[in-house]
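First up is the structure itself, then whatever we jot down about it.
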């Protein structure tokens, strides 16, 4: 096993806008440098589950989210410091365009903010389609917008051919001080398939070794990877303590398969840190819940794409419904909320029964129903803490609740983006809490502590032990 003995190097892969090819380039860089024998640690800026899944597959190390709005600067640096140790190269993939974040008048949540926090320079990816001399003006605008932001250089993407590349390189001569590390041709068949929540997940579209080798070969042929590695600076990692798991006090079942795969790693680590033994199971494959559970965590994902298989698993749906009625603590986010409903109705109009823990009917729609950051304030004591406790997260879903919510307690006061009214959510019944919001526990680790404490209390009442 390779263990780095010198400080790692690092860079931030950022784009001029969404869709420029950041993820594909990031995956190619990770694989290319791994082939050279380097240990690469990836990170992803923003509230994203899919890109980190692909990073993890390629790097062989779990990719972690960094977020300037959901998490404090200190929380981000703690994640960065913990995961960066033992690596040779740190690669941070940005979100949206370089300066895009929570609002138009602040850098909060942006890639630029994160690059400054972690002290890494930006490698700017420019989509050069339908562009020639204008590339110089674009690059000058980006590199001159924030004087406190360091740039490593740029990479041109989706270049039409040798003549197009010549035009672009000539134009960049009028943008002095910005180094180009090369230009990538258009290779449409290397793009990862997309669907309604973004790229296909690594569970549904695993990246093969052959694909990754093709991608890395393309980068080796068209980019100056030697120069890029030489230019990447050494990183001074923050000194932080590891989140070592405590001695297990409770068994927490965690749904994890292709239908339920959206989890922040830190959420799981904090649960283990406070004493939860994480017991993974598949609502698609397992006919019964794991034995001796003291709680359930149902994360997000794509239950709508697996609705027939979930509906066919009658025994597990019944087991979860009975466990909820018996008071088992159950915390669910987005896809987990949908699974706890009475039914999911697809865009084709087909209805599939779910667990029936919550008397909700959910239907899929062709248009996005919610997207954005959310601050949660607990309106009453519940699994995640006392009234008044706060957490931050995000919503991103194409489904909506069409009936059944009126009779349920709502324990969340949601504060969305600036200028919009507070709403109520966080549906509760028995000892169940379900919401469309994906919370990041690193923003308030007490949320994880209280969830484990609820599992301890259930264990005490059920068995008389702690």
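Coordinate-derived values only; no laboratory data. The structure presented is a predicted model; accordingly, all values stated were derived computationally and were not measured. In this analysis, Cβ positions are derived from the backbone assuming ideal geometry, glycine residues included, and neighbour counts consider all displayed protein chains.
Numerical summary
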read-out	value
P(r) of the range 9-231 over all Cα-Cα pairs, binned every 5 Å from zero, in whole percent	1, 7, 16, 20, 21, 18, 12, 5, 1, 0
Protection-proxy order for peptides 72-84, 448-460, 134-146, each taking the mean of Cβ atoms within 10 Å per residue, highest first	448-460, 72-84, 134-146
Relative contact order computed over the range 50-166 (Cα-Cα under 8 Å; 6+ residues apart), in percent	20
With 20 Å bins from 0: P(r) over the chain, alpha-carbon pairs, percent	24, 53, 21, 1
Sum of -39500 (n - 2.57) over DSSP H runs of 4+, divided by residues of the chain (222 nm, nearest 500)	-9000 deg cm²/dmol
Angle in degrees between helix 314-325 and the longest Cα principal axis of the chain, rounded to the nearest 10	70
Pairwise centroid distance, computed over Cα atoms, of the range 404-446 with the range 276-300, Å	23
Cα Rg over Rh - the range 85-179, Kirkwood	1.00
Per-pair calculated FRET efficiency, R0 = 35 Å: residue 409 and residue 285 via Cβ, rounded to 0.05	0.60
Most to least packed among 262-270, 331-339, 240-248, 317-325 [average Cβ atoms within 10 Å]	331-339, 262-270, 317-325, 240-248
Relative contact order (%) - the range 250-463, alpha-carbon pairs under 8 angstrom, separation at least six	22
Distance histogram in 10 Å bins (all Cα pairs of the range 34-99, percent per bin)	22, 54, 23, 2
For the range 204-257 and the range 87-132, distance of Cα centres in Å	18
Peptides ranked, highest mean first, by Cβ atoms within 10 Å: ranges 40-51, 219-230	40-51, 219-230
Value of D in µm² per second that Stokes-Einstein yields for the range 250-463, Kirkwood Rh from Cα pairs, at 37 °C (0.692 mPa s)	193
Degrees between helix 50-59 axis and first principal axis of the chain (Cα, 0 to 90, nearest 10)	70
Kirkwood Rh in Å, taken over all unlike Cα pairs in the range 319-389	14.1
Whole-Å distance, taken between Cα centres, linking the range 56-85 and the range 312-364	32
The chain, relative contact order in percent, only Cα pairs under 8 angstrom and at least six apart counted	13
Helix axis angle, 209-222 relative to the chain longest principal axis, alpha carbon, degrees	30
